[in-house]
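Undergrad: First, the structure itself, so that you have it in front of you.
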Amino acid sequence: VFGSGVFELDLHEFKNQKGLLANGNACKPSCRTYFKICLKNYQALVSPGDCIFGSTETPVLGTNSFSAKDSGTLPRPIQIPFKFGWPVRAWKAHNMHPRYHILS
């Protein structure tokens with residue numbers, strides 16, 4: 001058995017009404033907006049590090065603000081395929097004792 005799937009992110013709208021970069025400086029003349037998506041373990045405060053479940057980066061999708069209906073370049077949805085194993089609990093029919101297997 002092979003474990004695989006696709007994480008999908010469906011963007012509908014992005015607003016940067018003040019036209020600012022992440023560091024607070026103004027974009028000149030306007031921002032060129034793209035997204036870096038990183039799948040990793042849950043963190044209440046996200047820290048830098050490996051994207052252990054996958055990552056992707058979009059091309060430039062628009063300027064300061066845009067919506068899916070305004071942009072023909074907005075990928076719908078953004079997809080990150082993944083292939084990794086995870087534990088699955090399985091029972092033997094005759095004694096109902098659980099056995100753990102790794103799907104990979």
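Readers should treat all values here as calculations from the given coordinates under stated rules, not as data from a laboratory. What you see is a predicted model; the values in this text were computed from it and never measured. All Cβ positions, even for glycine, are placed from backbone atoms using ideal geometry, and neighbour counts span all protein chains on display.
Undergrad: Residues with beta-carbon under 9 Å from that of PRO77, excluding PRO77: net charge, scoring Lys, Arg +1 and Asp, Glu -1?
TA: Result for the neighbourhood of PRO77: -1.
Undergrad: Still on this structure, I have one more. Under 13 Å between alpha carbons, and skipping anything fewer than 8 positions from LYS40 in its own chain: which aspartates and glutamates qualify?
TA: Qualifying aspartates and glutamates at Cα under 13 Å: ASP50.
Undergrad: For a quick protection proxy, order the peptides 52-63, 7-18 by their average other-Cβ count within 10 Å, most packed first.
TA: 52-63, 7-18
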